[in-house]
Every structure is written in C-alpha cells, then in structure tokens.
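Computed from the coordinates by the stated procedures, all read-outs in this text should not be read as laboratory data. For clarity, every value in this text was computed on a predicted model and none was experimentally measured. We place every Cβ from the backbone using ideal geometry, glycine too, and count neighbours over all the protein chains shown.
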Amino acid sequence: MSDTAPLNPFVEKTYQDTYELLVSIRDYISGPMEQEAEKLEAPDQLRLTRELSSMTRDLTDAMAWLMMQKAIEAGELSQEDADAEPAGNLVKNAGETDELEDAEGLARLPITARSLIDRSRRICAMVRQLSTDQD
C-alpha cells in the first residue's frame, strides 16, 4: 500500500472534481443544453452531442479508476486484484482529435459546453498522468 499513499490527496481531490463535473454535465443536459443547441447548425448540434457523450464516457472511466484507487487505499481491494481488472479506455482515448478541427469546432459550441469540455479534458489528463505514474 505504500506505493499508493502519495496519491491519496490527489486521488481524493480528483475524485471530488470528477463527481462535481459529472453533476454539472447532468444539470447542463437536463437544463440549458436544449435551448443552446437549437441555436446551432445541425453539424454543430451533432458535435455538441458527441462531445457530451465523449465527456461522459471519459469521466466514467476516470471515476472507475479513481474509485479503484480509493478501494486499494482503504484496503478493500489488493493491488493485484486491481491490476487484474481492465484499465478502461481513458489512456487509449488520449489525443484522438485533430487539434485545428477541434479548436474550430469547439469555438462554435456554447460557452457553457466549452467550459465543461475543458474541465473534462483537464481531469482526464490528470487521471491519465496519475495512472501512468502508478505503473
């Protein structure tokens, strides 16, 4: 367990940030998203839906990894059992998009959505880094 002890504050803070972001995404989808999406062209509406789906998938993978780290730290799961579990897609999904197209497409999305996307990308990058440091 000594290998995971230095991660504890980072894991807990990232876990809380991830949870809060998932709640914010839920609130956005069930609230202002529909009105904001109506103002977009069809391709950008599709992009908004795709981005929200990708964020949800990535944050779910991040949350699963963070929960596993918390279980290891709490002694509820051994590192060997955790290593036997599939790692998820978080690392595989890194850097999937073309940066120029990504920037241009994101610029057309509502500011609220762009803020959620930015927060999601930062959290997922942090979790990828934590998981890489753990290996």
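Summary table below
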{"read-out": "Cα-projected label distance for A125 with S53, points at 7 Å along beta-carbon direction, nm", "value": "2.5 nm"}
{"read-out": "Loop-located GluC sites (Glu not before Pro) in the stretch 8-93, at most 14 other Cβ atoms within 10 Å (DSSP)", "value": "E41, E76"}
{"read-out": "Ranked list, fewest to most other Cβ atoms within 10 Å of each Cβ, for S115, S131", "value": "S115, S131"}
{"read-out": "Pairwise label distance in nanometres, N8 with A71, each label 7 Å out on the Cα-Cβ vector", "value": "2.0 nm"}
{"read-out": "Efficiency of FRET between A42 and Y19 - r from beta-carbon atoms, R0 35 angstrom, step 0.05", "value": "0.60"}
{"read-out": "Between the stretch 17-65 and the stretch 109-133, the Cα center-to-center distance that results, in Å", "value": "12 Å"}
{"read-out": "Projected label distance in nm at R108 and E85, using a 7 Å step from Cα toward the beta-carbon", "value": "3.9 nm"}
{"read-out": "Burial ordering of T56, T132, T18, fewest other beta-carbon atoms within 10 Å first", "value": "T132, T56, T18"}
